[in-house]
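Note sheet for the following structure.
The values are calculated or read from the model by the stated rules, or taken from the named source; none is laboratory data. Because the structure is predicted, anything quoted here is derived from the model rather than measured. Here the Cβ is made from the backbone with ideal geometry for all residues, glycine too, and neighbour counts use every protein chain on show.
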Amino acid sequence: MGTSDSATELHPGGGVAFLLVQLGLHVAQRFRERLAPLGLEQRQAGMLVRLAQNDGKSQQAIAELMGLNATRMVFLTDELEKLGLVERRRNPADRRSHALHLTEAGTAMLARVRQVTAAHEADVTAGLSEAERAELATLLRRIADEQGLAAHALPGMNRPGAAPPHEGPADQGLPREGPADQGLPHEGPSHQSPTAAGAD
C-alpha cells in the first residue's frame with residue numbers, strides 16, 4: 001500500500017470522498033435551515049427552479065429532462081400545486097398531457113428562493129476567491145458527470161430505489177445517513193454551486 005493510501009486510511013479527513021460526505025451533510029442541513037422560514041423543503045425549492053426554467057413545457061418533458069420517472073414527477077408537482085406555486089394546464093399541443101406553469105405566488109416564491117440560494121452560496125464559499133470557486137465547481141462537475149449525475153437532476157431523486165417524496169426522507173431525497181444533496185437548487189451548468197456533488 002502506498003504512502004498516500006496509508007495517510008488517507010489514518011486520516012480520513014484527507015480523502016476526497018470523505019470530505020464530500022462531510023461537507024454535503026453540513027451544507028444540506030444549513031440550506032434546509034435557511035429554507036425553513038419559506039415553508040419549503042429542499043426538493044421543492046429545487047423543483048421550483050427547474051420548473052421556472054421550463055415554464056409551459058409538458059410534465060413528461062420536464063420529468064425526462066430531470067431524469068425523474070412519472071411517479072416521482074407527479075408527487076413533486078402535486079406538492080407544489082397544493083402550495084399554490086404551480087398549476088397544471090391542458091397542453092395545447094397535446095390535449096392528453098398537461099403543461100406546467102408557475103403561478104403568481106410561485107414566481108414570488110422563486111425570487112425568495114433565489115435570494116436564499118445566493119446567500120447560502122456566498123456563505124459556503126466565503127473562504128474562496130472567485131477563481132477558486134470557479135475551479136472547484138468545474139472539478140466537482142467533472143466528478144458528477146463521471147458518476148452519471150445529470151446537471152438538471154434533483155439530488156437523490158433519480159437514484160434506483162429512491163422512495164417518492166411522501167414515503168421517504170424529505171429534502172430533495174436526501175437520505176438521513178448519506179450526502180445526496182449539497183443543498184443548492186442550481187439553475188443549470190453555468191450557475192452550479194461549487195459545493196454541489198450533483199441541486200437547481
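Some observations on this one:
- Residue check, Thr8 modelled with pLDDT of 90 or more and in a helix (DSSP H, G or I): no
- Set side by side, the residues Leu68, Leu128, Leu80 differ, and just one is crowded, with 17+ Cβ neighbours inside 10 Å and in a loop (DSSP other than H, G, I, E, B), which is Leu68.
Residues are listed down the side, and each one gets a yes or a no for (1) within 20 Å of His98 (Cα to Cα); (2) in contact with a strand residue (DSSP E or B) (Cβ under 9 Å, 6 or more places away or on another chain):
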| position | (1), (2) |
| --- | --- |
| Glu41 | no, no |
| Gln60 | yes, yes |
| Thr71 | yes, no |
| Leu76 | yes, no |
| Leu80 | yes, yes |
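- Odd one out for Arg114 among (1) over 18 Å from the mean Cα position of the chain (by Cα); (2) farther than 29 Å from Ala17 by Cβ: (1)
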